[in-house]
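The values are calculated or read from the model by the stated rules, or taken from the named source; none is laboratory data. Everything numeric in this text was worked out from a predicted model, so none of it was measured. Virtual Cβ from ideal backbone geometry, glycine too; neighbours counted across all protein chains shown. Just the protein is used for accessible areas: all its heavy atoms, side chains included, with ligands, DNA and RNA removed. Shrake-Rupley method; radii C 1.70, N 1.55, O 1.52, S 1.80 Å.
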Amino acid sequence: MPFALLALAVSAFGIGTTEFVMMGLLPNVADDLGTSVPTAGYLVSAYAIGVVIGAPLLTAVGSRVPRKRMLLLLMALFVVGNLASALAPDFGWLLAGRVLAGLPHGAFFGVGAVVAARLVSEGRQARAVATMFLGLTVANIIGVPAATLLGQHLGWRATFLVVTVIGLVALAALARLVPYVPVEAHQSVGRELRALKDRQVLLGLATAVLGFGGVFAVYSYLASMTTEVMGFGESSVTLVLALFGIGMTLGALAAGPLTDRALRPTLYGSLGTLAVVLVAFRFTVHIQWAALVTVVILGAVGFMTTTPLQMLVMSKAKDAPTIASASNHSAFNLANAGGAWAGGAAIAAGWGWMSPTLVGAVLAAVGLAIAVTAGMLDRPGRSGRGTAPEGSRVVASGGAGAPVAEESAERVG
(Lines give C-alpha, C1' and ligand atoms only; values in the text may rest on other atoms or scores of the structure.)
Protein backbone atom coordinates (compact mmCIF):
# COMPACT_ATOMS: atom_id res chain seq x y z
CA MET A 1 0.00 0.00 0.00
CA PRO A 2 1.31 3.51 -0.80
CA PHE A 3 2.67 5.66 2.05
CA ALA A 4 0.06 8.27 1.10
CA LEU A 5 -2.55 6.02 2.70
CA LEU A 6 -0.68 6.43 5.99
CA ALA A 7 -1.19 10.20 5.79
CA LEU A 8 -4.90 9.66 5.17
CA ALA A 9 -5.09 7.23 8.10
CA VAL A 10 -3.36 9.70 10.46
CA SER A 11 -5.86 12.34 9.39
CA ALA A 12 -8.74 9.93 10.01
CA PHE A 13 -7.30 9.21 13.46
CA GLY A 14 -7.45 12.88 14.40
CA ILE A 15 -10.95 13.29 12.99
CA GLY A 16 -12.22 10.18 14.77
CA THR A 17 -10.72 11.30 18.07
CA THR A 18 -12.35 14.72 18.05
CA GLU A 19 -15.69 13.28 16.89
CA PHE A 20 -16.15 10.80 19.73
CA VAL A 21 -14.11 12.23 22.61
CA MET A 22 -16.79 14.73 23.59
CA MET A 23 -19.00 11.90 24.85
CA GLY A 24 -16.49 11.20 27.62
CA LEU A 25 -15.83 14.86 28.43
CA LEU A 26 -19.40 16.11 28.86
CA PRO A 27 -19.29 16.16 32.71
CA ASN A 28 -15.96 18.03 32.69
CA VAL A 29 -17.17 20.60 30.17
CA ALA A 30 -20.45 21.07 32.02
CA ASP A 31 -18.69 21.68 35.35
CA ASP A 32 -16.13 24.05 33.87
CA LEU A 33 -18.59 26.16 31.86
CA GLY A 34 -21.37 26.14 34.43
CA THR A 35 -24.00 24.25 32.47
CA SER A 36 -25.80 20.92 32.78
CA VAL A 37 -24.68 17.66 31.22
CA PRO A 38 -27.78 17.45 28.98
CA THR A 39 -27.08 20.96 27.71
CA ALA A 40 -23.42 20.08 27.17
CA GLY A 41 -24.70 17.17 25.10
CA TYR A 42 -25.57 19.70 22.40
CA LEU A 43 -21.82 19.79 21.70
CA VAL A 44 -22.10 16.27 20.28
CA SER A 45 -25.00 17.34 18.07
CA ALA A 46 -23.13 20.49 17.03
CA TYR A 47 -20.32 18.42 15.53
CA ALA A 48 -22.82 16.21 13.69
CA ILE A 49 -24.56 19.31 12.32
CA GLY A 50 -21.22 20.55 11.05
CA VAL A 51 -20.66 17.25 9.25
CA VAL A 52 -24.12 17.18 7.68
CA ILE A 53 -23.81 20.77 6.43
CA GLY A 54 -20.17 20.70 5.45
CA ALA A 55 -20.03 17.42 3.54
CA PRO A 56 -22.09 18.39 0.49
CA LEU A 57 -21.38 22.13 0.71
CA LEU A 58 -17.57 22.04 0.91
CA THR A 59 -17.36 19.18 -1.57
CA ALA A 60 -19.44 21.10 -4.11
CA VAL A 61 -17.48 24.33 -3.56
CA GLY A 62 -14.18 22.47 -3.95
CA SER A 63 -15.23 20.36 -6.92
CA ARG A 64 -12.72 22.14 -9.19
CA VAL A 65 -9.88 22.18 -6.64
CA PRO A 66 -7.11 19.56 -7.13
CA ARG A 67 -7.59 16.70 -4.70
CA LYS A 68 -4.40 17.14 -2.67
CA ARG A 69 -4.95 20.87 -2.23
CA MET A 70 -8.53 20.19 -1.14
CA LEU A 71 -7.35 17.70 1.48
CA LEU A 72 -4.88 20.26 2.83
CA LEU A 73 -7.53 23.00 3.01
CA LEU A 74 -9.97 20.70 4.80
CA MET A 75 -7.39 19.55 7.33
CA ALA A 76 -6.41 23.18 7.95
CA LEU A 77 -10.07 23.96 8.71
CA PHE A 78 -10.10 20.97 11.07
CA VAL A 79 -7.09 22.40 12.92
CA VAL A 80 -8.71 25.83 13.21
CA GLY A 81 -11.95 24.32 14.53
CA ASN A 82 -10.22 22.33 17.25
CA LEU A 83 -7.99 25.25 18.25
CA ALA A 84 -11.10 27.44 18.49
CA SER A 85 -12.70 24.79 20.71
CA ALA A 86 -9.66 24.66 22.99
CA LEU A 87 -9.62 28.47 23.38
CA ALA A 88 -13.40 28.98 23.61
CA PRO A 89 -14.19 31.47 26.42
CA ASP A 90 -17.75 30.21 26.98
CA PHE A 91 -20.26 27.57 25.96
CA GLY A 92 -21.53 29.46 22.91
CA TRP A 93 -18.06 29.80 21.43
CA LEU A 94 -17.33 26.14 22.16
CA LEU A 95 -20.55 25.21 20.36
CA ALA A 96 -19.40 27.24 17.35
CA GLY A 97 -15.96 25.62 17.51
CA ARG A 98 -17.52 22.16 17.41
CA VAL A 99 -19.60 23.04 14.34
CA LEU A 100 -16.47 24.44 12.67
CA ALA A 101 -14.45 21.30 13.49
CA GLY A 102 -17.21 19.12 12.04
CA LEU A 103 -17.53 21.00 8.74
CA PRO A 104 -14.55 19.33 6.96
CA HIS A 105 -15.26 15.82 8.29
CA GLY A 106 -17.48 14.44 5.53
CA ALA A 107 -15.77 16.32 2.72
CA PHE A 108 -12.36 15.07 3.86
CA PHE A 109 -13.44 11.44 3.87
CA GLY A 110 -15.26 11.94 0.58
CA VAL A 111 -12.21 13.36 -1.17
CA GLY A 112 -9.87 11.04 0.74
CA ALA A 113 -11.77 7.94 -0.38
CA VAL A 114 -11.51 8.99 -4.02
CA VAL A 115 -7.78 9.73 -3.62
CA ALA A 116 -7.20 6.40 -1.84
CA ALA A 117 -8.92 4.53 -4.67
CA ARG A 118 -6.79 6.38 -7.25
CA LEU A 119 -3.56 5.33 -5.51
CA VAL A 120 -3.93 1.58 -6.00
CA SER A 121 -4.40 -0.91 -8.81
CA GLU A 122 -7.60 -2.53 -10.01
CA GLY A 123 -9.29 -4.79 -7.50
CA ARG A 124 -7.72 -3.13 -4.44
CA GLN A 125 -9.79 0.06 -4.18
CA ALA A 126 -11.96 -1.11 -1.28
CA ARG A 127 -8.88 -2.21 0.67
CA ALA A 128 -7.32 1.20 0.13
CA VAL A 129 -10.44 2.97 1.40
CA ALA A 130 -10.63 0.58 4.37
CA THR A 131 -6.98 1.38 5.19
CA MET A 132 -7.86 5.06 5.47
CA PHE A 133 -10.79 4.20 7.74
CA LEU A 134 -8.45 2.20 9.99
CA GLY A 135 -7.36 5.54 11.41
CA LEU A 136 -10.96 6.18 12.42
CA THR A 137 -11.27 2.83 14.15
CA VAL A 138 -7.89 3.06 15.90
CA ALA A 139 -9.06 6.41 17.26
CA ASN A 140 -11.74 4.53 19.18
CA ILE A 141 -9.17 2.12 20.64
CA ILE A 142 -6.41 4.59 21.54
CA GLY A 143 -7.31 8.18 20.72
CA VAL A 144 -10.67 8.52 22.46
CA PRO A 145 -9.76 6.70 25.71
CA ALA A 146 -6.40 8.50 25.96
CA ALA A 147 -7.91 11.90 25.12
CA THR A 148 -10.70 11.35 27.64
CA LEU A 149 -8.21 10.42 30.34
CA LEU A 150 -6.13 13.50 29.49
CA GLY A 151 -9.18 15.74 29.69
CA GLN A 152 -10.21 14.31 33.05
CA HIS A 153 -6.78 15.04 34.56
CA LEU A 154 -5.62 18.21 32.74
CA GLY A 155 -8.94 19.69 31.64
CA TRP A 156 -10.97 19.35 28.47
CA ARG A 157 -9.09 22.21 26.79
CA ALA A 158 -5.90 20.11 26.88
CA THR A 159 -7.70 17.42 24.90
CA PHE A 160 -8.54 19.77 22.06
CA LEU A 161 -5.04 21.23 22.07
CA VAL A 162 -3.63 17.71 21.61
CA VAL A 163 -6.13 17.04 18.79
CA THR A 164 -4.98 20.30 17.21
CA VAL A 165 -1.40 19.02 17.27
CA ILE A 166 -2.53 15.73 15.69
CA GLY A 167 -4.18 17.80 12.96
CA LEU A 168 -0.92 19.66 12.32
CA VAL A 169 0.97 16.35 12.07
CA ALA A 170 -1.65 15.08 9.63
CA LEU A 171 -1.35 18.30 7.63
CA ALA A 172 2.41 17.82 7.30
CA ALA A 173 1.97 14.15 6.35
CA LEU A 174 -0.57 15.00 3.65
CA ALA A 175 1.71 17.67 2.22
CA ARG A 176 4.70 15.32 2.19
CA LEU A 177 3.22 11.94 1.20
CA VAL A 178 0.11 12.49 -0.93
CA PRO A 179 0.94 12.95 -4.62
CA TYR A 180 -0.68 15.53 -6.84
CA VAL A 181 -4.09 14.26 -7.92
CA PRO A 182 -5.73 16.53 -10.50
CA VAL A 183 -9.45 17.13 -10.63
CA GLU A 184 -11.10 15.37 -13.56
CA ALA A 185 -11.49 17.52 -16.66
CA HIS A 186 -15.23 16.88 -16.76
CA GLN A 187 -15.78 17.68 -13.07
CA SER A 188 -18.21 20.46 -12.12
CA VAL A 189 -20.51 21.48 -9.28
CA GLY A 190 -23.56 20.66 -11.38
CA ARG A 191 -22.28 17.19 -12.23
CA GLU A 192 -21.46 16.50 -8.58
CA LEU A 193 -24.90 17.63 -7.39
CA ARG A 194 -26.69 15.66 -10.09
CA ALA A 195 -25.03 12.52 -8.75
CA LEU A 196 -27.21 12.79 -5.64
CA LYS A 197 -30.34 12.33 -7.76
CA ASP A 198 -29.31 8.83 -8.78
CA ARG A 199 -31.74 6.28 -7.33
CA GLN A 200 -29.00 3.88 -6.26
CA VAL A 201 -27.06 6.68 -4.53
CA LEU A 202 -30.19 7.73 -2.61
CA LEU A 203 -30.95 4.15 -1.61
CA GLY A 204 -27.34 3.73 -0.48
CA LEU A 205 -27.57 6.85 1.69
CA ALA A 206 -30.89 5.66 3.15
CA THR A 207 -29.27 2.31 3.96
CA ALA A 208 -26.50 4.13 5.82
CA VAL A 209 -28.90 6.30 7.84
CA LEU A 210 -31.09 3.40 8.99
CA GLY A 211 -28.70 0.45 8.97
CA PHE A 212 -25.83 2.21 10.74
CA GLY A 213 -28.36 3.88 13.03
CA GLY A 214 -28.78 0.45 14.59
CA VAL A 215 -25.16 0.59 15.78
CA PHE A 216 -25.50 3.94 17.49
CA ALA A 217 -28.83 3.11 19.10
CA VAL A 218 -26.71 0.85 21.34
CA TYR A 219 -23.22 2.41 21.26
CA SER A 220 -24.54 5.71 22.60
CA TYR A 221 -25.68 3.96 25.80
CA LEU A 222 -22.97 1.31 26.07
CA ALA A 223 -21.39 3.04 29.08
CA SER A 224 -24.67 2.89 31.02
CA MET A 225 -25.25 -0.72 29.96
CA THR A 226 -21.77 -1.55 31.27
CA THR A 227 -22.49 -0.29 34.78
CA GLU A 228 -26.25 -0.85 35.05
CA VAL A 229 -26.67 -4.26 33.38
CA MET A 230 -23.31 -5.99 32.85
CA GLY A 231 -22.35 -5.38 36.47
CA PHE A 232 -18.99 -3.68 35.86
CA GLY A 233 -17.75 -0.63 37.74
CA GLU A 234 -17.26 2.80 36.18
CA SER A 235 -13.54 2.12 35.84
CA SER A 236 -14.34 -0.61 33.31
CA VAL A 237 -16.23 1.67 30.93
CA THR A 238 -13.03 2.69 29.13
CA LEU A 239 -12.13 -0.99 28.63
CA VAL A 240 -15.56 -1.81 27.18
CA LEU A 241 -15.40 1.15 24.79
CA ALA A 242 -11.89 0.10 23.75
CA LEU A 243 -13.17 -3.42 23.03
CA PHE A 244 -15.84 -1.92 20.81
CA GLY A 245 -13.07 0.00 19.03
CA ILE A 246 -11.07 -3.21 18.57
CA GLY A 247 -14.14 -4.75 16.97
CA MET A 248 -14.45 -1.76 14.66
CA THR A 249 -10.84 -2.22 13.56
CA LEU A 250 -11.31 -5.93 12.90
CA GLY A 251 -14.43 -5.12 10.90
CA ALA A 252 -12.57 -2.53 8.83
CA LEU A 253 -9.75 -4.99 8.11
CA ALA A 254 -12.21 -7.65 6.96
CA ALA A 255 -14.45 -5.28 5.00
CA GLY A 256 -11.80 -4.22 2.48
CA PRO A 257 -11.00 -7.58 0.83
CA LEU A 258 -14.59 -8.80 1.23
CA THR A 259 -15.95 -5.70 -0.51
CA ASP A 260 -13.39 -6.04 -3.31
CA ARG A 261 -14.57 -9.62 -3.79
CA ALA A 262 -18.36 -9.14 -3.47
CA LEU A 263 -19.77 -5.73 -2.55
CA ARG A 264 -23.47 -6.33 -2.10
CA PRO A 265 -23.17 -9.72 -0.36
CA THR A 266 -20.77 -8.09 2.12
CA LEU A 267 -23.31 -5.34 2.78
CA TYR A 268 -26.20 -7.79 3.14
CA GLY A 269 -24.20 -10.08 5.41
CA SER A 270 -22.98 -7.30 7.71
CA LEU A 271 -26.44 -5.75 8.13
CA GLY A 272 -28.13 -9.12 8.68
CA THR A 273 -25.50 -10.21 11.20
CA LEU A 274 -25.76 -6.84 12.94
CA ALA A 275 -29.49 -7.35 13.53
CA VAL A 276 -28.87 -10.86 14.92
CA VAL A 277 -26.02 -9.74 17.21
CA LEU A 278 -28.10 -6.87 18.60
CA VAL A 279 -30.89 -9.28 19.56
CA ALA A 280 -28.36 -11.73 21.03
CA PHE A 281 -26.85 -8.95 23.15
CA ARG A 282 -30.03 -8.89 25.26
CA PHE A 283 -29.18 -12.41 26.42
CA THR A 284 -25.37 -12.34 26.59
CA VAL A 285 -25.30 -9.08 28.56
CA HIS A 286 -25.95 -10.98 31.82
CA ILE A 287 -22.81 -13.10 31.43
CA GLN A 288 -19.82 -10.79 31.70
CA TRP A 289 -17.37 -12.64 29.45
CA ALA A 290 -20.07 -13.24 26.84
CA ALA A 291 -21.10 -9.60 27.00
CA LEU A 292 -17.52 -8.48 26.30
CA VAL A 293 -17.24 -10.86 23.33
CA THR A 294 -20.56 -9.56 21.99
CA VAL A 295 -19.32 -5.97 22.25
CA VAL A 296 -16.31 -6.83 20.06
CA ILE A 297 -18.52 -8.62 17.51
CA LEU A 298 -20.98 -5.73 17.53
CA GLY A 299 -18.23 -3.25 16.72
CA ALA A 300 -16.91 -5.53 13.96
CA VAL A 301 -20.16 -6.21 12.09
CA GLY A 302 -21.38 -2.65 12.64
CA PHE A 303 -18.32 -1.05 11.08
CA MET A 304 -18.14 -3.68 8.35
CA THR A 305 -21.10 -1.90 6.73
CA THR A 306 -19.17 1.33 6.14
CA THR A 307 -16.74 0.24 3.39
CA PRO A 308 -19.31 -1.43 1.08
CA LEU A 309 -21.67 1.53 1.50
CA GLN A 310 -18.84 3.95 0.73
CA MET A 311 -17.82 2.01 -2.36
CA LEU A 312 -21.43 1.60 -3.47
CA VAL A 313 -22.26 5.30 -3.57
CA MET A 314 -18.91 6.08 -5.21
CA SER A 315 -19.64 3.46 -7.87
CA LYS A 316 -23.17 4.63 -8.55
CA ALA A 317 -22.13 8.28 -8.74
CA LYS A 318 -19.92 7.20 -11.67
CA ASP A 319 -18.02 10.26 -12.93
CA ALA A 320 -18.87 12.41 -9.89
CA PRO A 321 -18.17 10.21 -6.88
CA THR A 322 -16.82 12.81 -4.48
CA ILE A 323 -19.97 14.56 -3.29
CA ALA A 324 -21.83 11.26 -3.06
CA SER A 325 -18.97 9.84 -1.00
CA ALA A 326 -18.96 12.91 1.26
CA SER A 327 -22.74 12.81 1.61
CA ASN A 328 -22.38 9.23 2.79
CA HIS A 329 -20.63 10.62 5.88
CA SER A 330 -23.49 13.02 6.39
CA ALA A 331 -25.73 9.96 6.30
CA PHE A 332 -23.57 8.19 8.89
CA ASN A 333 -23.77 11.21 11.19
CA LEU A 334 -27.54 11.33 10.77
CA ALA A 335 -27.42 7.66 11.75
CA ASN A 336 -25.43 8.61 14.85
CA ALA A 337 -27.97 11.24 15.88
CA GLY A 338 -31.06 9.27 14.86
CA GLY A 339 -29.91 6.01 16.42
CA ALA A 340 -29.01 7.73 19.68
CA TRP A 341 -32.38 9.47 19.75
CA ALA A 342 -34.32 6.26 19.05
CA GLY A 343 -32.40 4.31 21.67
CA GLY A 344 -32.83 7.10 24.20
CA ALA A 345 -36.56 7.29 23.49
CA ALA A 346 -36.89 3.58 24.27
CA ILE A 347 -35.08 4.03 27.59
CA ALA A 348 -37.15 7.12 28.46
CA ALA A 349 -40.33 5.15 27.76
CA GLY A 350 -39.37 2.82 30.61
CA TRP A 351 -38.47 -0.19 28.47
CA GLY A 352 -35.14 -0.71 30.23
CA TRP A 353 -31.45 -0.16 29.53
CA MET A 354 -31.31 -2.99 26.99
CA SER A 355 -34.28 -1.78 24.95
CA PRO A 356 -31.96 0.04 22.47
CA THR A 357 -30.76 -3.38 21.29
CA LEU A 358 -34.21 -4.17 19.88
CA VAL A 359 -34.50 -0.66 18.43
CA GLY A 360 -31.10 -1.14 16.79
CA ALA A 361 -32.06 -4.56 15.45
CA VAL A 362 -35.17 -3.09 13.81
CA LEU A 363 -33.14 -0.27 12.25
CA ALA A 364 -30.55 -2.74 10.93
CA ALA A 365 -33.30 -4.93 9.49
CA VAL A 366 -34.90 -1.95 7.73
CA GLY A 367 -31.49 -0.96 6.37
CA LEU A 368 -31.03 -4.51 5.08
CA ALA A 369 -34.45 -4.40 3.41
CA ILE A 370 -33.53 -1.17 1.62
CA ALA A 371 -30.17 -2.60 0.55
CA VAL A 372 -31.75 -5.77 -0.84
CA THR A 373 -34.39 -3.72 -2.66
CA ALA A 374 -31.66 -1.57 -4.19
CA GLY A 375 -29.81 -4.69 -5.29
CA MET A 376 -32.89 -6.12 -6.97
CA LEU A 377 -33.57 -2.85 -8.77
CA ASP A 378 -29.97 -2.76 -9.94
CA ARG A 379 -30.05 -6.07 -11.76
CA PRO A 380 -29.35 -5.93 -15.52
CA GLY A 381 -32.42 -4.73 -17.36
CA ARG A 382 -33.94 -3.17 -14.24
CA SER A 383 -31.55 -0.25 -13.67
CA GLY A 384 -33.12 3.15 -13.43
CA ARG A 385 -32.30 5.83 -15.91
CA GLY A 386 -28.75 7.06 -15.49
CA THR A 387 -27.73 4.14 -13.29
CA ALA A 388 -25.16 1.79 -14.73
CA PRO A 389 -25.39 -1.84 -13.73
CA GLU A 390 -23.37 -2.70 -10.65
CA GLY A 391 -19.78 -3.31 -11.57
CA SER A 392 -19.30 -0.85 -14.41
CA ARG A 393 -17.15 2.23 -13.86
CA VAL A 394 -16.26 1.68 -10.25
CA VAL A 395 -14.92 4.19 -7.76
CA ALA A 396 -13.13 6.98 -9.52
CA SER A 397 -12.19 8.13 -12.95
CA GLY A 398 -8.83 9.10 -14.24
CA GLY A 399 -7.96 12.13 -16.26
CA ALA A 400 -10.38 12.98 -19.05
CA GLY A 401 -12.86 10.47 -17.68
CA ALA A 402 -10.94 7.27 -18.36
CA PRO A 403 -11.88 4.77 -15.68
CA VAL A 404 -9.13 3.85 -13.27
CA ALA A 405 -10.66 0.47 -12.59
CA GLU A 406 -13.52 -1.67 -13.66
CA GLU A 407 -15.08 -4.51 -11.77
CA SER A 408 -17.13 -7.38 -13.08
CA ALA A 409 -20.79 -7.47 -12.21
CA GLU A 410 -20.37 -11.06 -11.08
CA ARG A 411 -17.80 -10.10 -8.45
CA VAL A 412 -19.98 -7.33 -7.00
CA GLY A 413 -23.43 -8.82 -7.16
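Numbers below:
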quantity	calculated
The lone exception for residue 122 - which of (1) touching a strand residue (DSSP E or B) at 6+ places or on another chain (Cβ under 9 Å); (2) crowded, with 20+ Cβ neighbours inside 10 Å; (3) among the charged types (D, E, K, R) it fails	(2)
Condition met for residue 227 (buried (at least 22 other Cβ atoms within 10 Å of the Cβ) and either more than 21 Å from residue 139 (Cα to Cα) or in contact (Cβ under 8 Å) with a residue 12 or more places away in the chain (or both))	no
Count - residues of the stretch 230-252 that are open to solvent by less than 40 Å² (accessible area, probe 1.4 Å), over 22 Å from residue 135 (Cβ atoms) and either hydroxyl-bearing (Ser, Thr, Tyr) or in contact with a Phe, Trp or Tyr (Cβ under 9 Å, 6 or more places away or on another chain) (or both)	1
Which numbered condition residue 302 misses (of (1) modelled with pLDDT of 95 or more; (2) of a type outside the set (Ser, Thr, Tyr); (3) within 21 Å of the chain's Cα centre (by Cα))	(1)
Matching residues in the stretch 195-206 - criterion: being in a helix (DSSP H, G or I) and at pLDDT 70 or above	199, 200, 201, 202, 203, 204, 205, 206
Only listed residue being in contact with a Phe, Trp or Tyr (Cβ under 7 Å, 6 or more places away or on another chain) and open to solvent by 20 Å² or more (accessible area, probe 1.4 Å), chosen from 144, 138	138
Scope the stretch 340-351; condition within 13 Å of residue 222 (Cα to Cα) and of a type in the set (Gly, Ala, Ser); matching residues	340, 343, 344
Residue check for residue 238: in contact (Cβ under 8 Å) with a residue 24 or more places away in the chain, assigned to a helix (DSSP H, G or I) and more than 18 Å from residue 141 (Cβ to Cβ)	no
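Yes/no per residue for (1) touching a Gly at 6+ places or on another chain (Cβ under 8 Å); (2) surrounded by fewer than 22 Cβ atoms within 10 Å (Cβ to Cβ):
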site: 39; (1), (2): no, yes
site: 61; (1), (2): no, yes
site: 64; (1), (2): no, yes
site: 68; (1), (2): no, yes
site: 90; (1), (2): no, yes
site: 103; (1), (2): yes, no
site: 108; (1), (2): no, no
site: 112; (1), (2): no, no
